[in-house]
C-alpha cells in the first residue's frame with residue numbers, strides 16, 4: 001500500500017510541474033477527539049481475568065498531512081463532485097497503559113499460574129486513511145473512508161507469558177465538513193469525523209497456560225481543521 005501511495009505522490013508531483021490546474025490538493029491537519037474501547041484477558045477455559053478498567057475513554061490530539069485528487073475530468077454528474085485522498089498522522093500516538101489482575105486459578109485444566117497484576121501499554125505508530133469526499137455544495141461536503149491503524153504494544157506480567165508486539169487494525173470513518181477556497185488556491189476546512197475500528201484477539205506464547213487478550217471494537221469522534229493548497 002505504501003509503495004502505491006508513494007508512486008501516486010510522485011505522479012502528482014510530475015503533473016504539477018506541467019499543469020497549473022490538475023485538480024490536486026495537499027494540506028496539513030490538526031484534530032482533537034476521544035476514543036473508547038474495552039478489553040479483557042481470558043484463559044483457555046474462557047474464564048476472564050479481573051479487570052480494573054473494563055471500559056477506557058481517552059482524549060487525544062494529532063497532526064498530519066493529506067493529498068487528494070478530484071474527479072472533475074469525468075463528465076458524469078455526482079461523480080465529478082468526488083475527490084479521492086490519502087491522509088496520514090505524522091507522529092506516534094501513545095494510548096496509555098491498562099492493567100488487570102490475573103488470578104492463580106486461571107490456569108488451563110486446573111493448572112495454577114503466577115498470580116499478579118499485568119499491564120499493557122499501546123502506541124499507535126501508523127494511522128492511515130484512504131477516503132473519498134463528495135461536494136454537496138461549494139462549501140459543504142461529506143466524507144467516508146477506510147482506516148488502517150498500526151499498533152505497537154508492550155506487555156509486562158509474569159515471566160512465562162508474552163504477547164506479540166505489532167498489530168494491525170482496520171476500520172471505517174465517516175464525516176461532514178465545511179470548506180472555503182480562495183482564488184489563489186489556498187483553502188481552509190473544518191470537519192467532524194466518526195471512527196469505527198475493529199478489535200482484535202491475540203493469543204499469548206507463554207508456557208504457563210493458554211491466555212488470550214482481547215481488544216474490543218474502538219469507536220470515537222474528532223473535530224478537525226485543515227489548511228492547504230489546490231493545484
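Values quoted throughout were computed directly from the atomic coordinates according to the rules given, and no laboratory measurement underlies them. Computed from a predicted model, the values in this text were never measured in an experiment. Ideal geometry is used to build each Cβ from the backbone, glycine not excepted, and the neighbour counts take in all protein chains shown.
Label positions at residue 28 and residue 190, each projected 7 Å from the Cα along the C-beta direction, are separated by 2.0 nm. A Förster radius of 30 Å combined with the Cβ-Cβ distance from residue 225 to residue 201 puts the calculated FRET efficiency at roughly 0.25.
The simple spin-label model puts a point 7 Å past each Cα toward its Cβ; for residue 81 and residue 212 those points are separated by 4.6 nm. Please check which bits of the range 182-198 a label hung off residue 58 would reach, taking the label as a point 7 Å along Cα-to-C-beta and the cut-off as backbone N under 20 Å. Of the residues in the range 182-198, 193-198 have backbone N under 20 Å from the label point off residue 58. Counting 0.36 nm for each residue step from residue 181 to residue 21 and taking away their Cα separation leaves a gain of 56.2 nm.
Taking the range 22-38 and a reference point 7 angstrom along Cα→Cβ of residue 65, the backbone N atoms nearer than 15 Å belong to 25-30. Between residue 144 and residue 36, the simple label model (points 7 Å from Cα in the Cβ direction) yields a spacing of 2.4 nm.
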